[in-house]
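A short write-up of the structure that comes next.
Bear in mind that the values in this text are calculations on the coordinates, not laboratory data. Remember, predicted model here, so these are calculated numbers, not experimental data. A quick note on method: Cβ atoms are made from the backbone with ideal geometry, for glycine too, and the neighbour counts reach across all protein chains shown.
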Amino acid sequence: MNCSDARFTLAADPRSGDPVLLEHVGRCSACAAYASDMHELDRRLHDALAVSVPDVKLPSGPYPASAASPAPGGGPARIDKARRFAVAASVAGVAVLVGLLWAGFPRQSLASAVVAHMAHEPGAWSSTALLPETQVDEVMAQSRVRLAGNLPAVTYANSCWFRGRHVPHLVVQTSAGPVTVLVLPNEPIEQSTRFDEGGYRGALVPAPRGSIAVLAQDEVDIEQVARRVMAAIIFVDG
């Protein structure tokens, strides 16, 4: 099992006891950190959804079949209305609690979130073996992004969990050193932004859908890398 498969399994079922998954998580520190995040998210969602159904006093029965139509003062129509009210109240309560859950955890700025994500992929920078285009395209396709042209010198490609979605995480080799690229189809920005944070130089660049984040640890022309990546990918509609 590779990291991409492990993370999809964890996203689908954070409590999975698949021995192959557990073996991978046990030897991969990045996926172990990812599993910890997913377990915490699962716990918080479980707590938010543990809402009891409001007690509703229903009129006593039984009622004759002739009372099936609405009638003043009660009957099956009143019972059905009370039940619908109970269900609606329960759904509303869940919606409010889930909203409060997310509101209680303010999102980091996009740049800070990109930098923080690097801690989950400690081995990405050190990869040196070039990956075949088919492998890179397979990772991209999981986020409805496709390779439109040649994107050479990719030494790392993984589908990573980032701000609630899986996104392509690539490392591209340049003459000045490795560059990390995150393709973020669901993170639109209005204009390019540069940042220097956590030991990384980076740029956020608008894309046809969402944005692209580029980070480097050395003196690399990150805008040039962003343009190169942008020219090599297509954002699939839908």
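Between S127 and R146, how many nm apart are label points set 7 Å from Cα along the C-beta direction?
Placing both labels 7 Å along Cα→Cβ, they lie 2.3 nm apart.
Give me the net charge for the shell around P178: Cβ to Cβ below 15 angstrom, other residues only, Lys and Arg +1, Asp and Glu -1.
Charge balance near P178 sits at -2.
Give me the tail of P(r) for region 3-49 as a percent: Cα-Cα pairs with distance above 16 Å.
31 percent
So what is the relative contact order for region 105-176, in percent, with contacts set as C-alpha pairs under 8 Å and at least six apart?
27 percent
Relative to the Cα centre, what is the charge dipole magnitude of region 110-235, using +1 at the beta carbon of each Lys and Arg, -1 at the beta carbon of each Asp and Glu, and rounding to the nearest 20 debye?
I would put it at about 360 debye.
Rule-of-thumb check for region 110-235: C-alpha Rg over 2.2 N^0.38 Å?
Scaled against compact globular proteins, the figure is 0.93.
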